[in-house]
Amino acid sequence: MNKQLNFLKTYRMHKGFLQRNLANQIGVDSSIFSAWESFKALPPVETQNKIAEILCVRVKDIWPD
């Protein structure tokens, strides 16, 4: 299991967001967000920044190098 998958889901759940709610906040379909969370795709950098801002964490906390 990829650590990046765990970080995004863990932070989202810790902050009390449902997948569809966070997807709506950043303006994407929940199926796209699900693909990011299962690491089938990686969000664009701008979207990574937006997600990190909403979750009040650093981008590198969710997507480490």
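Any read-out appearing in this document is the output of simple, stated calculations on the displayed coordinates, not a laboratory observation. This structure is a prediction, so every number in the text was calculated from the model and none was measured. Here Cβ is always computed from backbone atoms with ideal geometry, including for glycine, and neighbour counts include all displayed protein chains.
Tell me the Kirkwood hydrodynamic radius of the chain in angstroms, computed as one over the mean inverse distance between distinct C-alpha pairs.
Its Kirkwood hydrodynamic radius stands at 11.4 Å.
Which value, in debye to the nearest 20, describes the size of the charge dipole of the chain about its Cα centre when Lys and Arg Cβ atoms bear +1, Asp and Glu Cβ atoms bear -1, and nothing else is charged?
Details: 9 positive and 6 negative charges, 36 e Å.
The calculated dipole for the chain is roughly 180 debye.
Take Asp29, Asp61 and order them by how many other Cβ atoms sit within 10 Å, fewest up front.
If I rank by nearby Cβ atoms, fewest first, I get Asp29, Asp61.
At 222 nm, what helix-only mean residue ellipticity would the chain give, in deg cm²/dmol to the nearest 500, using -39500 (n - 2.57) for each DSSP H run of four or more? Kindly include the intermediate steps, with their values, before the conclusion.
On the way: 5 runs with 43 residues, N = 65.
So the helix-based figure for the chain works out to -18500 deg cm²/dmol.
Could you work out the relative contact order of the chain, using alpha carbon pairs under 8 angstrom and six or more residues apart, expressed as a whole percent?
Averaging sequence separation for qualifying contacts and normalising by length gives 40 percent for the chain.
Report, ordered by chain and residue number, the aspartates and glutamates lying within cross-link reach of Lys15, taken as a straight Cα distance under 16 Å and ignoring same-chain residues fewer than 8 apart.
Filter leaves Glu37, Glu53, Asp61.
With θ taken as phi - 60° and the coefficients 6.51, -1.76 and 1.60, list the Karplus ³J(HN,Hα) couplings across region 33-49 in order, rounded to whole Hz; mark glycine and proline as x.
With the stated coefficients, region 33-49 comes to 4, 4, 5, 5, 5, 8, 6, 7, 8, 10, x, x, 3, 4, 6, 4, 4 Hz.
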